[in-house]
Amino acid sequence: MAEHAVLTAHDAAEVRMDQAWGSYTPEDHAVWGTLFDRQLRTLKGQVCQEYLDGLSALGIGAEGVPEFDRMNARLRRLTGWEVVAVPGLIPSRPFFQMLANRQFPAGTFIRTQEQLDYLEEPDIFHDVFGHVPLLTDPAYADYMAEYGRIGLEAVERKGVKFLARLNWYTIEFGLIRKPESVQVYGAGICSSFGEARYVVEDPSAHWLGFDLERVLRRGYYIDDFQASYFVIDRFEDLFDVLQGRDWPALYDRMREAPQLSPFEVAPEDRVIRQGTGDYWRAFPQTKAKLK
Ligand code: HBI
Ligand code: FE
């Protein structure tokens, strides 16, 4: 699909495409297998059980790039979600519209052997290995659909910047506190070799108790590990905290409130773990701008 057509797309029908599973090469399937094996080893012991249950419920394994049609037959039965192939990042309106309709937009290209550790755009490994397994969990699946519904309204009320932060600190980089330990659930961590190790091994980052307004006010950098992570106790809490809000009034208030840096911890933050900050003191901060 022409780049222009995707960027101007106003609704989901215009961006969805066929996965063309038959066009993956043996190298593509081998890259998937390498990433899958390595990442599962890295995640064992620190990713939440709901994620691992989702991987196996959907039959996502190391043998090769998953076929959306086969995966969707199982996913639809579990939570009514389906994975839809799109050319890559799509405009906010169709993105939120698809989530509200329980359709997860996933890129179909896969990174090359040379790009194993980092790539700009989310590829099918990030989208499917990172995001899809938790869509089998009913509470998380409900949150994702509700997030889409609220996002659709946010497009009209200039709230997308705040919804992007909510996405970043939950769907992409969220942590969940279980009786035995704080564990990973965010797709950006689940699909990243480096960040999955950083979160667990490196004491630099702050772990803060999830609070909607602290999240909506906290910026983030897209091209480095996080300086702060937010921790929830249950996926149901994510859905519950979205209920009964006057979102336009909240966006106005968040625009007026001082924006929070990811590096700082304030008295209003519920600190679960105070980070040392060594990581970002050691490395000059990112070239990217604060989102
Ligand atoms: N498109 N395919 C795709 N995947 C995303 O995660 C995505 C997107 N478009 C917009 C977007 N995310 C963000 O702007 C939202 O998370 C706010
Ligand atoms: Fe993502």
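Given the whole protein assembly as supplied and a 1.4 Å probe, what does the accessible area of GLU213 come to in Å², nearest 10?
Per-residue accessible area (GLU213): approximately 60 Å².
Report the dimensions of the stretch 205-248 along its three principal axes from the alpha-carbon atoms, largest first, rounded to Å.
Rounded to whole Å, the extents work out to 34, 26, 14 Å.
Whole-Hz Karplus ³J(HN,Hα) for the stretch 37-49, in order, using 6.51 cos²θ - 1.76 cosθ + 1.60 and θ = phi - 60°, x for Gly and Pro?
After applying 6.51 cos²θ - 1.76 cosθ + 1.60, I find 4, 5, 5, 5, 5, 5, 7, 3, x, 10, 9, 5, 4 Hz.
Report the residue, chosen from ALA20, ALA196, ALA164, that carries the largest GNM mean-square fluctuation when the chain is represented by alpha-carbon nodes joined by springs under 10 Å.
Of the options given, ALA20 has the highest mean-square fluctuation.
Considering every pair of different Cα atoms, what Kirkwood radius, in Å, is found for the stretch 16-104?
Hydrodynamic radius (Kirkwood, Cα only) of the stretch 16-104 equals 14.6 Å.
Among GLY64, GLY188, GLY45, which one shows the highest mean-square fluctuation when the chain is modelled as a Gaussian network with alpha-carbon springs under 10 Å?
Top of the fluctuation ranking is GLY45.
For the chain, what is the calculated [θ] at 222 nm in deg cm²/dmol (nearest 500), taking -39500 (n - 2.57) for each run of four or more DSSP H residues and dividing by its residue count?
After summing the helix terms and dividing by residue count, I get -12000 deg cm²/dmol.
For GLN183, list long-range residues whose amide hydrogen, built 1.01 Å from N in the peptide plane, is under 5 Å from its own amide hydrogen.
Under 5 Å from the amide H of GLN183: ILE176, ARG177, LYS178.
Looking at MET144, GLN49, GLY33, which one has the Cα that reaches farthest to the positive end of the dipole of the chain (charges on Cβ: Lys, Arg +1; Asp, Glu -1)?
MET144
Round to a whole angstrom and tell me the spacing of the C-alpha centers of the stretch 31-71 and the stretch 220-291.
28
If amide hydrogens are placed 1.01 Å from N in the peptide plane, which non-local residues have theirs closer than 5 Å to the one on SER228?
The list, which skips near neighbours in sequence, is HIS206.
Over the chain, what relative contact order in percent results from Cα pairs under 8 Å that are six or more residues apart?
Once normalised by length, the contact order is 18 percent.
Using the heavy atoms of the protein chains and a 1.4 angstrom probe, tell me the accessible area per residue for the chain in square angstrom.
I get 45 Å² per residue for the chain.
I'd like to know how the stretch 143-291 sits against the 2.2 N^0.38 Å rule of thumb: what's its Cα Rg over that expected value?
Normalised by 2.2 N^0.38 Å, the Cα Rg of the stretch 143-291 equals 1.01.
At a 1.4 Å probe radius, which order do ARG77, ARG270, ARG217 fall into by accessible area, largest first?
Accessible-area ranking of ARG77, ARG270, ARG217, largest first: ARG77, ARG270, ARG217.
What does the convex hull of the alpha-carbon atoms of the stretch 229-291 project to on average, in nm²?
With every direction weighted equally, the projected area is 6.3 nm².
Among GLU201, GLU236, GLU14, which one shows the highest mean-square fluctuation when the chain is modelled as a Gaussian network with alpha-carbon springs under 10 Å?
Of GLU201, GLU236, GLU14, the Gaussian network model singles out GLU201 as fluctuating most.
Can you sort LEU290, LEU163 by 1.4 Å-probe accessible area, starting with the largest?
Largest accessible area first, the residues go LEU290, LEU163.
Taking the Cα centre of the stretch 174-291 as the origin, how large is its charge dipole in debye, to the nearest 20, when only Lys and Arg (+1) and Asp and Glu (-1) carry charge on their Cβ atoms?
Using Cβ point charges on Lys, Arg, Asp and Glu, the stretch 174-291 gives about 240 debye.
Leaving ligands, DNA and RNA out of it, report the carbon-plus-sulfur percent of the accessible area of the chain at a 1.4 Å probe.
52
Which whole-angstrom value gives the distance between the alpha carbon centres of the stretch 73-133 and the stretch 149-177?
16
How big is the C-alpha Rg of the chain next to the rule-of-thumb value 2.2 N^0.38 Å, as a ratio?
Against the compact-globule rule of thumb, the ratio is 0.97.
Select from VAL160, TRP21, ALA85 the residue farthest towards the positive end of the dipole of the chain; place +1 on Cβ of Lys and Arg, -1 on Cβ of Asp and Glu, and compute about the Cα centre.
The one lying farthest along the dipole's positive direction is VAL160.
Among 129-136, 258-265, 218-225, 22-29, how do they line up from the highest to the lowest mean number of other beta-carbon atoms within 10 Å?
Order by mean packing, descending: 129-136, 218-225, 258-265, 22-29.
Averaging sequence separations of C-alpha pairs under 8 Å and six or more residues apart, then dividing by the length of the stretch 156-257, give the relative contact order as a whole percent.
In percent, rounded to a whole number, it is 32.
The values are calculated or read from the model by the stated rules, or taken from the named source; none is laboratory data. Note that this is a predicted model, so its numbers are computed, not measured. Cβ sites come from the backbone with ideal geometry, for glycine too, and all protein chains shown count toward neighbours. When the accessible area is computed, the model is the full protein with side chains, heavy atoms only, and any ligands, DNA or RNA have been set aside. Shrake-Rupley method; radii C 1.70, N 1.55, O 1.52, S 1.80 Å.
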